[in-house]
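The values are calculated or read from the model by the stated rules, or taken from the named source; none is laboratory data. The structure presented is a predicted model; accordingly, all values stated were derived computationally and were not measured. Heads up, the Cβs are rebuilt from the backbone with ideal geometry, glycines too, and the neighbour counts pull from every protein chain shown.
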Amino acid sequence: MAKLYLQRHLKSQWNLENRFAGWVDNPLSKDSNIVAEKIAKELEQISFSKVYSSALFRNMDTIAKIFDFIPTRYPVFLHVDGGKPQEWAKYGNASENEIPVFVSEKLNERSYGELQGFDKTVLMKKYGEEKIHSWRRDYNEAPPGGESGKDVYERVVPFFKVFAEKDLKEGKDVLIVASHGSLRVIMKYLENMTDKDFGVLELPFGALIKYDFDGKNYEKLQ
């Protein structure tokens, strides 16, 4: 039975500052190494053969930081958008234990459009807490110039089916490292969630969610 692991990125500097990040790159916070080491202790026991990552730096850097604490695996980043995968970066010198990390913008966070870069508290005063919450969590409503949850679903889930789910059907264990919005729509697909359940789904920074896949159905593990 194949296993799927969904890993949310470590806390970024903008997360620390309570700002909307969306598609804007920003570095991980200074304390991210502490959390990365804890995650590494769990991931080093897992025999996944492929990793998929968003193209946002905070996701790729999460992978790099975690694998710094797994000396037996060496991630090689490959860009999969636009044809044949192109190598982006390689960590470590050994070739025997390389693990491919396929990077795609399709897995990027939900775009928050005109809200990106702004403090969430300031925007709550301007638009109201209920409206900000709806823009962040609602499946059908999009922030100004940004994406709804449905938009993200229609971008992320087809990529998941073509790449990750194909690997899972071949019996390969897969790890996906991405942001809150993209992981939530994957979970909506895996668990056939209602829009309402999707709206209340929350994943903490560094969360690791696990599923068994029998070739047809996904079973969430505790």
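For the stretch 115-126, the set of residues classified as over 18 Å from Arg155 (Cβ atoms) and either surrounded by 13 or more Cβ atoms within 10 Å (Cβ to Cβ) or hydrophobic (A, V, I, L, M, F, W, C) (or both) consists of Leu115, Gly117, Phe118, Asp119, Lys120, Val122, Leu123, Met124, listed by residue number.
For Pro143, the requirement of being at negative phi, at pLDDT 95 or above and assigned to a loop (DSSP other than H, G, I, E, B) is met.
For the residues Gly149, Gly117, Gly171, the requirement of being touching an Asp or Glu at 6+ places or on another chain (Cβ under 9 Å) and touching a residue at least 24 places away in the same chain (Cβ under 8 Å) singles out Gly149. Close contacts from the stretch 128-145, counting a first residue that is closer than 11 Å to Gly199 by Cα and in contact (Cβ under 8 Å) with a residue 60 or more places away in the chain and a second that is buried (at least 18 other Cβ atoms within 10 Å of the Cβ) and of a type in the set (A, V, I, L, M, F, W, C), with Cβ to Cβ under 7 Å and a gap of 6+ residues or different chains, come to Tyr139/Phe198.
Within the stretch 1-13, if we keep just the residues that are over 30 Å from Val122 (Cα atoms) and surrounded by 14 or more Cβ atoms within 10 Å (Cβ to Cβ), the residue that is nearest to the chain's Cα centre (by Cα) turns out to be Leu6.
Of the numbered criteria (1) assigned to a strand (DSSP E or B); (2) in contact (Cβ under 8 Å) with a residue 60 or more places away in the chain; (3) of a type in the set (Val, Ile, Thr), the one Val103 fails is (2).
When Glu130 is tested against the conditions (1) farther than 21 Å from Ser182 by Cα; (2) touching an Asp or Glu at 6+ places or on another chain (Cβ under 8 Å); (3) of a type in the set (D, E, K, R), the lone failure is (2). Pick from the stretch 144-186 the residues that are in contact with a strand residue (DSSP E or B) (Cβ under 8 Å, 6 or more places away or on another chain) and of a type in the set (Ser, Thr, Tyr): which of them is surrounded by the fewest Cβ atoms within 10 Å (Cβ to Cβ)? Step by step, filter the stretch 144-186, then rank; the result is Ser179.
Output the residue which, of all residues in the stretch 42-65 that are free of Cβ contacts under 8 Å to residues at least 40 places away in the same chain, out of contact with any Asp or Glu (no Cβ under 7 Å at 6 or more places or on another chain) and of a type outside the set (D, E, K, R), is surrounded by the fewest Cβ atoms within 10 Å (Cβ to Cβ). Applying the filter and picking the extreme gives Gln45.
Per-residue answers, yes or no, for (1) buried (at least 17 other Cβ atoms within 10 Å of the Cβ); (2) under 21 Å from Lys3 (Cβ atoms); (3) small (Gly, Ala, Ser):
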residue: Asn15; (1), (2), (3): yes, no, no
residue: Phe20; (1), (2), (3): yes, no, no
residue: Trp23; (1), (2), (3): yes, no, no
residue: Ser32; (1), (2), (3): yes, no, yes
residue: Ala40; (1), (2), (3): yes, yes, yes
residue: Thr72; (1), (2), (3): no, yes, no
